[in-house]
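The values are calculated or read from the model by the stated rules, or taken from the named source; none is laboratory data. Being a predicted model, the structure only gives us computed values, none of them experimental. Virtual Cβ from ideal backbone geometry, glycine too; neighbours counted across all protein chains shown.
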Amino acid sequence: MKLLSIQDIDRVIEMAWEDRTPFEAITFQFALSEHEIIELMRRELKPSSFIMWRKRVQGRATKHQKLRTFTKGRFKCSRQKQITHNSISKR
């Protein structure tokens, strides 16, 4: 396993918890495989937090690039305005 600084470990954990950040993005930035990310999470989190994270991530389409329904850019809600500070319009 690659040696990571404390700041890098914190960032990997943060990215792994984010719903819209795919494992491939973590692999690209930190050169860790999905298996190594899972091992890091198991080692660094409390057991209950790790179990909660695994349940949350397992099968989630947004965590796996191949399962995403959108191919380019980032996901954007249909109710999100173009440039007006992401406020939802009144209906």
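Pairs linking a residue in region 21-35 that is touching a residue at least 24 places away in the same chain (Cβ under 8 Å) and at negative phi to a residue that is assigned to a helix (DSSP H, G or I) and among the polar types (S, T, N, Q), with Cβ atoms under 6 Å and 6 or more positions apart or on different chains, are 22/65; 24/65. Has region 47-64 got at least one residue that is modelled with pLDDT of 85 or more, in a helix (DSSP H, G or I) and small (Gly, Ala, Ser)? Within region 47-64 (the criterion being modelled with pLDDT of 85 or more, in a helix (DSSP H, G or I) and small (Gly, Ala, Ser)), the answer is yes, since at least one residue qualifies.
In the set (1) free of Cβ contacts under 8 Å to residues at least 24 places away in the same chain; (2) within 12 Å of the chain's Cα centre (by Cα); (3) surrounded by 15 or more Cβ atoms within 10 Å (Cβ to Cβ), the condition left unmet by residue 16 is number (1).
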